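For reference, the structure discussed in these notes is given below.
The numbers here are math on the coordinates, done by the rules we state, and not lab data. From a predicted model like this one, the values you see are computed outputs, not experimental measurements. In this analysis, Cβ positions are derived from the backbone assuming ideal geometry, glycine residues included, and neighbour counts consider all displayed protein chains.
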Amino acid sequence: MSELTRLHADHAPAVLAFELANRSYFAASVPDRGDEFFDRFADGFDAVLAEQEAGVCAFHVLLAEDGSVIGRFNLFDLEDGAARLGYRVAEQVAGRGVATATVRELCRIAVARYGLHTLRAAAAHDNAASRKVLTRSGFVPVGPAAPADLGGAAGTWYACDLRA
């Protein structure tokens, strides 16, 4: 059984292992993070934790029974009851409903823990899996996403009214 938990400092090695193990898989559907992300991982991880501590973002990891990270589910730019959602799951669990179930769980957490009422997420037109996760989780298309929003890809913004 997997567990969605708030990111903390002890997760750093497992998060790095997750990102490295799935780098080429992720790069097939979203822009690659680049070598600098991995070269400066510790600094970036510390910055993420600082953002979370400041209340700007809320980062979560989906842990497998063995403690390995099998997904990342993040809320960015928490402000005025709204936030942006970002997520990625390991290739080993892709296509099994894990992302959809976890996005739904994070929606519940967003209301209960963070007092949010709206989540937004962008998905590239060529990322059918992500679009499917969003629509199955209650998100609806609300307009075009600029290529700058998606690392150069054309896409769509989705929104979810968490009060519904």
Compute a Gaussian network model of the chain, connecting alpha carbons closer than 10 Å, and tell me which residue from ARG96, ARG72, ARG23 fluctuates the most. ARG96
Lys/Arg Cβ at +1, Asp/Glu Cβ at -1, dipole of the chain taken about the Cα centre: which of GLY34, ALA9, CYS107 is farthest positive-ward? CYS107
Coarse-grained scattering of region 38-81 at q = 0.32 Å⁻¹, given as base-10 log I(q)/I(0) from a Debye sum over alpha-carbon atoms: -1.05
Please get the size of the charge dipole for region 1-51, origin at its Cα centre, with Cβ charges of +1 on Lys and Arg and -1 on Asp and Glu, quoted in debye to the nearest 20. 180
Amide H of GLY155 versus every other amide H placed in the peptide plane: which residues, excluding those fewer than 5 positions away on the same chain, fall under 5 Å? HIS125, ALA145
What does the extension gain come out to for ASP80 and GLU3, with contour length at 0.36 nm per residue minus their alpha carbon separation? 24.9 nm
Residue-averaged 222 nm ellipticity for the chain, from DSSP H runs of 4+ at -39500 (n - 2.57), nearest 500: -10000 deg cm²/dmol
Please work out the Cα center distance from region 1-66 to region 70-111, rounded to the nearest Å. 13
Taking amide H positions as placed 1.01 Å from N in the peptide plane, with prolines and chain starts having none, which residues 5 or more places from LEU162, or on another chain, fall under 5 Å of its amide H? THR118, LEU119
Residue-ordered couplings for region 103-108, obtained by feeding phi - 60° into the Karplus form 6.51 cos²θ - 1.76 cosθ + 1.60 and rounding to whole Hz (Gly and Pro as x), are 4, 4, 5, 5, 4, 5
Averaging 1/r across every pair of distinct alpha carbons in region 94-164 and inverting yields a Kirkwood hydrodynamic radius, in angstrom, of 12.5
Here region 109-122 yields Karplus 3J(HN,Hα) values (6.51, -1.76, 1.60; θ = phi - 60°; whole Hz; Gly and Pro given as x) of 5, 4, 6, 5, 9, 10, x, 7, 10, 9, 10, 10, 8, 10
5 angstrom amide H check on LEU4, placed H, neighbours 5+ away: LEU63
Given R₀ = 25 Å, what would the calculated FRET efficiency be for TYR114 paired with ASP39, taking r from the Cβ atoms and rounding to 0.05? 0.20
Hull shadow area, averaged, the chain [alpha-carbon convex hull, nm²]: 9.2
What are the semi-axes of the equivalent ellipsoid for region 1-70, taken as the square roots of 5 times the Cα gyration tensor eigenvalues, largest first, in whole Å? 19, 17, 11
About the Cα centre, charge dipole magnitude for the chain (Lys/Arg +1, Asp/Glu -1 at Cβ), debye: 820
Dipole of the chain, positive direction: furthest Cα of SER137, SER68, ALA90, with charges on the beta-carbon: SER137
Which whole-number percentage describes the relative contact order of the chain, with Cα contacts under 8 Å and a sequence gap of 6 or more? 19
